[in-house]
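Okay, so here's the structure we're looking at.
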Amino acid sequence: MVKHLKSLGWYPHVFTTEPKYREEKEDAWMTELAGNDFDVTVVKALNQKKTRKFGIGDLGLRMIPYLLPAIIKAAKKEKPDFILYPVPPWYILLIAPRIKRKTGIPYGIDFIDPWFVGEIPKNANLKKRISQKIARRFEKKAVVKADIIYSVSEGINKNLKERYNLAENKPLLAIPYGVEPSDFNLKINKISNEKVVFRYIGAVWNEAYPVLEPILKSLSEIEKEIPLKIEFYGTSYAGEGLSKPQTTRWIERFAMQNYMTENPLRVPYKKAVELTLSADIILLFGGMQPYYAASKLMGLIASGKPFIAFLHNDSFPAKFLKQLNYKYIVTYSQEKLPETKFDELKAKIIDLINQKESFVKFDLSNPLNQKHTALGMTKEFVKPIENLLTKFTKNI
């Protein structure tokens, strides 16, 4: 967004923390891609090596002691028109109502992922229970006090509205992740391989387990006839030294040890783009939640790479790909579970393997795709802010 805000009449001030306080690898390319049309304040955070001894690793919690005074100081000096809190890390929402109370500046929340949805699982550990109770107690105040709510899907907004009985006039907007098409202009030397290379780059989480099983079962059966190489990257949300493999049970159950590997540690964005462009086929799947938005969807469309999509029928990615008449998609629902789609899924994968060399890339000039570029997404973000400020000015 910061790459495009200036062209739309906005000048952002970004608050972040030093790379040494983060647990993922630093990605200098992302900073380069963001450009220079913004101010930045770099704050400290509590050292994770010390806080993890007490079970605290969340970046939001570790930033709060430094982030809160930094934002208040800058807000009083610069008097910005609006503050946006992209979450996760969700714990920064604890300070949002307080900053608004002290400065009077309206704010919005961008729910890239929901903070709390559903009941606390019976088998949840103590840490999980505590974090969910905090979410239940403090999310409501942050949401109710917010002037605008953004999220990556309508499902998240629907849950928030029902859970907190939000006012009808509160703007709740679903804006899925956009893509910067030029990010995929990297020149890649593709290594010739006798095997068909399938890759998945992204997290594997509990709600996705029922979806992943028929995918890997299908691939294991196909591999008996067609040599495959399957690679999973960045499957864990945990940082270096803490990430654990997520697919071991299926690798063992379907005897895939000779042709499937998993690297659970998150990869930098540039590496993810390179892995995408050098693969034969990409895997795209969601979970059992209809609000799943798939941050990688538009990137796959921009990449021009063939991909197989296995998604909840009511999710944004499924609806969007159907609008584009995408051929290689299989959908499921709570009524028609992923396991019932095994035969259809297997057939689609085989068809895509056979047609991968003649795969027709998406037309990025299509208005549907243009809407979900980074520029298109940023335009959608600023519209409600401008409307809010216009109403505020009229009231004055």
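Some observations on this one:
- Residues of segment 149-185 that turn out to be over 25 Å from residue 319 (Cα atoms) and aliphatic (A, V, I, L, M), as a count: 2
- Residue within segment 75-89 that is touching a Leu at 6+ places or on another chain (Cβ under 8 Å) and touching a residue at least 60 places away in the same chain (Cβ under 8 Å) present: yes
- Any chance residue 4 is more than 24 Å from residue 139 (Cα to Cα) and buried (at least 17 other Cβ atoms within 10 Å of the Cβ): yes
- Of the residues in segment 116-133, at least one is buried (at least 16 other Cβ atoms within 10 Å of the Cβ), out of contact with any helix residue (DSSP H, G or I) (no Cβ under 8 Å at 6 or more places or on another chain) and outside any strand (DSSP E or B).
- Members of segment 154-192 found to be within 27 Å of residue 265 (Cβ to Cβ) and either assigned to a strand (DSSP E or B) or aromatic (Phe, Trp, Tyr) (or both), listed by number: 177, 179, 184
- Among the residues of segment 193-244, those that are farther than 25 Å from residue 312 by Cβ, in a strand (DSSP E or B) and among the β-branched types (Val, Ile, Thr) comprise 196, 197.
For every residue, the table says whether it meets (1) over 20 Å from the mean Cα position of the chain (by Cα); (2) modelled with pLDDT of 95 or more; (3) closer than 18 Å to residue 23 by Cβ.
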site	(1), (2), (3)
186	yes, no, no
189	yes, no, no
206	no, no, no
212	no, yes, no
220	yes, yes, no
229	yes, yes, no
232	no, yes, no
239	no, no, yes
267	no, no, yes
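- Qualifying residues in segment 96-115 (those that are more than 12 Å from residue 144 (Cα to Cα) and surrounded by 21 or more Cβ atoms within 10 Å (Cβ to Cβ)) - the one modelled with the highest pLDDT: 111
- Scanning segment 343-367 for residues that are within 24 Å of residue 6 (Cα to Cα) and in a helix (DSSP H, G or I) yields a count of 1.
- Residue in segment 279-292 that is part of a helix (DSSP H, G or I) and outside the structural domain of residue 153 (by TED's automatic domain parsing) present: no
- Residue that is modelled with the highest pLDDT, among those in segment 19-55 that are farther than 24 Å from residue 240 by Cα and aliphatic (A, V, I, L, M): 40
- Residue check for residue 383: assigned by TED's automatic domain parsing to the domain that holds residue 110 and part of a helix (DSSP H, G or I): yes
- Test: residue 387 is loosely packed, with under 15 Cβ neighbours inside 10 Å and under 26 Å from the mean Cα position of the chain (by Cα): no
- The number of residues in segment 59-68 being in contact (Cβ under 8 Å) with a residue 40 or more places away in the chain and either surrounded by fewer than 19 Cβ atoms within 10 Å (Cβ to Cβ) or not in a helix (DSSP H, G or I) (or both) comes to 1.
- In segment 135-152, the residues that are at pLDDT below 85 and closer than 24 Å to residue 292 by Cβ: 135, 136
- Among the residues making up segment 172-210, those that are out of contact with any Leu (no Cβ under 8 Å at 6 or more places or on another chain) and buried (at least 19 other Cβ atoms within 10 Å of the Cβ) are 174, 175, 179, 202, 208.
- All conditions in (1) touching an Asp or Glu at 6+ places or on another chain (Cβ under 7 Å); (2) in contact (Cβ under 8 Å) with a residue 40 or more places away in the chain hold for residue 330, with the sole exception of (2).
Matching residues to (1) in contact (Cβ under 8 Å) with a residue 60 or more places away in the chain; (2) under 30 Å from residue 291 (Cα atoms):
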| site | (1), (2) |
| --- | --- |
| 194 | no, no |
| 207 | yes, yes |
| 230 | no, yes |
| 236 | no, yes |
| 242 | yes, yes |
| 249 | no, yes |
| 260 | no, yes |
| 269 | yes, yes |
| 272 | yes, yes |
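- Every residue from segment 151-192 that is within 30 Å of residue 357 (Cβ to Cβ), charged (D, E, K, R) and in contact (Cβ under 8 Å) with a residue 40 or more places away in the chain: 180, 183, 190
The values are calculated or read from the model by the stated rules, or taken from the named source; none is laboratory data. This is a predicted model, so every value here is computed, not measured. Note that each Cβ is placed from the backbone with ideal geometry, even for glycine, and that neighbours are counted across all protein chains shown.
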